[in-house]
1. Indicate the gyration tensor shape class of region 85-124 (rounded, prolate or oblate), computed on the Cα atoms with a ≥ b ≥ c the square roots of the eigenvalues: a/c under 1.5 is rounded; otherwise a/b larger than b/c is prolate and the rest oblate.
2. Once R0 is set to 35 Å, what does the formula 1/(1 + (r/R0)^6) return for the Cβ-Cβ distance between residue 258 and residue 74, expressed as a FRET efficiency to the nearest 0.05?
3. Let me check the size of region 1-141 from its C-alpha atoms; what are the radius of gyration and Dmax in Å?
4. So how tilted is helix 112-122 from the main axis of the chain? Cα-based, degrees 0 to 90, rounded to 10.
5. Separation of region 48-76 and region 177-235 by C-alpha centroid, Å?
6. If you average the sequence gap of Cα pairs under 8 Å that are 6 or more apart and divide by the length of the chain, what percent do you get for the contact order?
7. At R0 = 25 Å, how high is the FRET efficiency between residue 246 and residue 221 if r is their beta carbon distance? Nearest 0.05 is fine.
8. Hey, in the GNM for the chain with a 10 angstrom Cα cutoff, which one of 141, 170, 200 fluctuates hardest?
């Protein structure tokens, strides 16, 4: 399978067809094997890539930087501290400058409209490293990881996301799962359900891909028979600290723990998380939450996070391979 994706931007996974997504996953698997074997061919020699971070990043930043270096390109990382971003120069104006110097731009920040503006103004491929509405590179890594561990076609697999279903991870998983024809379950309190417009759009797409889409409020019913159980932090980057108490009250029944994993009824079920995760008291924010609310673990118990069912670090590694596939497909 081969597609010409040169000069395409990845702003939201829905912008790509299901066959194009499959092509990126196949390319990522090929690049992962080549890196392990030491046979990787550098296809980005002479290419310069700019990385813009308005939000903090570990996996996205490292994955983009290593991917570009592995492929023989050069990378410059920009943030709001060491540049004029948002202070003396708008992102639109910055995009016009960067588009004349770089071959592609990654953006990680707040609003989807910003990454869309960068793509429109820069005239080079732009890749969404995370916005409040979408996280397409993460979901590519998640789909790759599911395929690796299940060793089945994606359309034969099911996953359940538990937590706040309004934001980037749940919405992007809904898109990716529907494109791949999967059994998709989103489990949340009614007040934190996914956007109705997106649900309607994905249910229409599911008619052609064969996907099954369910929205549930009962965690134990939602995970029954699921191949993968997925969760995310309960308070997203940029949200006020004041929301912690309400969010904990809403989502504590949705914590992924051993009892909930057993409710899948499948010993082979795997646990997934896009990271970082609040599963112990080894972080400053984790200790602050413990002091305020008396909880030592939030969206996932430490027992599940550290168990053999947890595949979160393979997910993290696969950020590198799927991001590399996006770069090679759109630049090389």
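1. Working: a/c = 1.77, a/b = 1.19, b/c = 1.49.
It is oblate, given that a/c is not under 1.5 and a/b is not larger than b/c.
2. FRET efficiency, residue 258 to residue 74: 0.15.
3. Cα-based Rg and Dmax for region 1-141 come out at 15.0, 47 Å.
4. 10 degrees
5. Centre-to-centre (Cα) distance: 31 Å.
6. Contact order relative to length: 20 percent.
7. The calculated FRET efficiency here is 0.55.
8. Of the options given, 200 has the highest mean-square fluctuation.
Values in this text are rule-based calculations from the coordinates and carry no lab data. Model, not experiment: these values are computed from the prediction. Cβ atoms come from the backbone with ideal geometry, glycine included; neighbour counts cover every protein chain shown.
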